[in-house]
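Values in this text are rule-based calculations from the coordinates and carry no lab data. The structure presented is a predicted model; accordingly, all values stated were derived computationally and were not measured. All Cβ positions, glycine included, derive from the backbone under ideal geometry; neighbour counts span all protein chains shown.
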Amino acid sequence: MTETPAAGQSTDVVDILTADHRDMLELIGQIKDAPEPARRRELADTVIAEVMRHAVAEEMYVYPAVEKHVPNGAEEVEHDKREHDEIVQVMKKLEDTDASGPEFLDLVGELEAQLRHHIDDEESDQFPKLRAGIPAGTLVELGEKVQTAKKLAPTRPHPHAPHSELFHKTIGPGVGMVDRLRDKLTGRHTG
């Protein structure tokens, strides 16, 4: 996975989220190229964990900033949350599907299409608005908060969990802890 720069260098939230996008798409490409079902499963579990961490961090810190600093920000955030929900639904199906069957790769393709659409929306429209409306130092602070949030976030899809800042800041770390414990006990690879 793409790492943030070494100490002394600052990376803003847009750079971090953009790097996450590249990593997610690269993992999906690896799934599609993997000949063994066990490797496809391992890679799928990793991409699911990465997407969950990313989405939760966005909902905790980025979306409140979008609502505050971007024209029509509340509407954009609602649109993004609907897309996150659709992505979570596909990831839940993917998590429950045998990696050796044809449905698995169909779901990987569906996840890829949804991620590409969401990524395009953010990178072509929303991220430039964030950079235009928020001071550079604040974007770096947001990036630090996002990196911390990703360490505590759930690693599994939870289709019935709300996509809200309050939920993620209060209940989310506990859900994330349980997910990481389940991952460890089951040998699930999450990056």
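Computed values, structure above
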item	result
Modelled FRET efficiency - R0 41 Å, E36 with V140, Cβ distances, 0.05 increments	0.50
Relative contact order (%) - criterion: Cα under 8 Å, at least six apart; region: the chain	36 percent
Span-rule helices in the chain, defined as complete DSSP H runs reaching 18 Å or more along the axis (Cα) with Kyte mean at least 1.6	none
Residues in region 90-127 that a label on T186 would reach, taking backbone N under 11 Å of a point 7 Å out along Cα→Cβ	95-97
Charge dipole (debye, nearest 20) of the chain; +1 at Cβ of Lys and Arg, -1 at Cβ of Asp and Glu	760 debye
Reference-scaled alpha-carbon Rg (2.2 N^0.38 Å with N residues) for region 13-186	1.02
Debye log10 I(q)/I(0) at q = 0.12, 0.13, 0.15 Å⁻¹ for region 85-191, Cα point scatterers	-0.56, -0.66, -0.86
Rounded Å value of the spacing that divides the Cα centres of region 87-119 and region 127-170	23 Å
R131, R41 arranged by Cβ crowding within 10 Å, fewest neighbours leading	R131, R41
Difference of contour (0.36 nm per residue) and Cα-Cα distance, F167 to T148	5.2 nm
Dipole of region 81-147 [Lys/Arg +1, Asp/Glu -1 at C-beta], most positive-end residue of H118, G101, I87	H118
Proxy reagent accessibility, fewest Cβ within 10 Å first, across V62, V140, V146	V140, V146, V62
Residues T148, T97, sorted so that the one with the fewest Cβ neighbours within 10 Å comes first	T148, T97
